[in-house]
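What follows is a set of notes on a single structure, which appears directly below.
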Amino acid sequence: MDYQGFFAAALTQLHDEGNYRVFADLERHRGAFPKATNHGEKTREVTIWCSNDYLGMGQHPDVISAMHTALDKVGAGAGGTRNISGTTHHHVLLEAELADLHGKEAALLFTSGYVSNWAALGTLASQIPDCLVLSDALNHASMIEGIRHSKAERQIWRHNDVEHLEALLAAQPLERPKLIAFESVYSMDGDISPIAAICDLADKYNAMTYLDEVHAVGLYGPRGGGIAEREGLMDRLTVIEGTLGKAYGVVGGYIAASASLCDFVRSFASGFIFTTALPPAVAAGAAASVRHLKQSEVERTAQQEKVAQVRARLDEIGIPHLDNESHIIPVMVGDPVKCKYLSDILMRDHGIYIQPINYPTVPKGTERLRITPSPVHSEADIDHLVSTLELLWHQCQLARLPMAAQ
């Protein structure tokens, strides 16, 4: 086999389909985010409009100070896996903050949100005898991979369709172990799951619940505990999973649950046991971010105002975007080549960075520009974004480049 030829052909196909991904070489400006330097063919300043650092906490003084202090005090790395040499006091403190955030007995820290889903779901579903996993059709790839890795039986229920979920649950013996896996805020469409209704079904049919809150922690609820906290449902969920790499502005993932469940995953999950722990400075920065957002509503309120403002401005100029109740604004393009074209022109000619979202992240025909307004976007930033999108949208239509239906 011509291995290199195989690789090249596959990449050529991605280019031809408009699905080849190019990484922007960005250098964020501390104290001036969302401004960054793009080190591309032409170095220039750009404004980032697609970051998952939703609240700008990656540059917050409390976070940076905590990381500097920890780095100066204990050094760079954790020393290895936590089982052998890498559990530090900063990990312990962060897990206590996360357990408190979600009103759970314990929390367990992982190196990323992807790993926490993969390891926790994979371990629970594989170790619980005859466990059936019921997974929402739009669950994140990390959840899907964890469920696949478990080799447990799985059934897919239509996205946010509680009637379909109940039909699947009702077909099983009441005593059979069951795990319902779903998200709160779905990152591409920005819609929110009916958590209370799902918990009702879990109670009725003797099932555990596993809620991914990665696009909600820090952003919703009086202390940033997510949609479940906002709706007063945290105590009804078996496992709440979250990330430290989005609204909290650092990196890492975690689960929060009962002490015995967290200890069970800690003891059996290969994705925890054999992975080098997060650096202590990262844990310290994440803990500072969690603590700050537990007591500060300033960032959440400002973000919600900016999101509403951008939505209203897009409506005024007729730019199609998915209506949802979250902070995510998907501007629908509907074609991979045109989506990439818009993204390239925005960056090259206008200093606006919005990464195109194409297949396989979203289904073919639903390609989009995913916009995430933050508290640190200025009025001038919003004016520039909206006026530029209006101009380019009009140009594409005149050039007979059909955009998504308005």
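Here is a check on your reading of the model: is L134 within 21 Å of the chain's Cα centre (by Cα), modelled with pLDDT of 95 or more, among the hydrophobic types (A, V, I, L, M, F, W, C) and open to solvent by 20 Å² or more (accessible area, probe 1.4 Å)? It is false that L134 is within 21 Å of the chain's Cα centre (by Cα), modelled with pLDDT of 95 or more, among the hydrophobic types (A, V, I, L, M, F, W, C) and open to solvent by 20 Å² or more (accessible area, probe 1.4 Å). Taking the condition of being among the small types (G, A, S) and out of contact with any Phe, Trp or Tyr (no Cβ under 9 Å at 6 or more places or on another chain), how many residues in the range 213-236 meet it? Going through the range 213-236 one residue at a time, the tally reaches 4. Against the condition of a type in the set (A, V, I, L, M, F, W, C), more than 22 Å from the chain's Cα centre (by Cα) and under 28 Å from H89 (Cβ atoms), how does L244 come out, does it pass? Criteria not met by L244.
If you go through the range 120-131 and pick out every residue that is in a helix (DSSP H, G or I) and either over 17 Å from the mean Cα position of the chain (by Cα) or more than 22 Å from R176 (Cα to Cα) (or both), you end up with 6. Answer yes or no: is there a residue in the range 161-183 that is in a loop (DSSP other than H, G, I, E, B) and surrounded by 20 or more Cβ atoms within 10 Å (Cβ to Cβ). Checked against the condition, which is being in a loop (DSSP other than H, G, I, E, B) and surrounded by 20 or more Cβ atoms within 10 Å (Cβ to Cβ), the range 161-183 yields no hits at all. Note on the range 338-360: residues that are in contact (Cβ under 8 Å) with a residue 24 or more places away in the chain and surrounded by 17 or more Cβ atoms within 10 Å (Cβ to Cβ) total 15. Checking the condition in a helix (DSSP H, G or I), polar (S, T, N, Q) and either within 25 Å of the chain's Cα centre (by Cα) or at pLDDT 95 or above (or both), which residue from S374, S343 passes? It is S343. L138 falls short on exactly one of the conditions (1) touching a helix residue (DSSP H, G or I) at 6+ places or on another chain (Cβ under 9 Å); (2) closer than 27 Å to Y186 by Cβ, and that condition is (1). Scanning the range 187-214 for residues that are part of a loop (DSSP other than H, G, I, E, B), open to solvent by less than 10 Å² (accessible area, probe 1.4 Å) and of a type in the set (S, T, Y) gives a single hit, S193.
Pairs linking a residue in the range 35-47 that is within 18 Å of I371 (Cβ to Cβ) to a residue that is acidic (D, E) and open to solvent by less than 30 Å² (accessible area, probe 1.4 Å), with Cβ atoms under 7 Å and 6 or more positions apart or on different chains, are T47/D381.
The values are calculated or read from the model by the stated rules, or taken from the named source; none is laboratory data. Since the structure is predicted, the reported quantities are computational estimates derived from the model, not experimental observations. Cβ: placed from backbone, ideal geometry, glycine included. Neighbour counts: every protein chain shown. When the accessible area is computed, the model is the full protein with side chains, heavy atoms only, and any ligands, DNA or RNA have been set aside. Shrake-Rupley method; radii C 1.70, N 1.55, O 1.52, S 1.80 Å.
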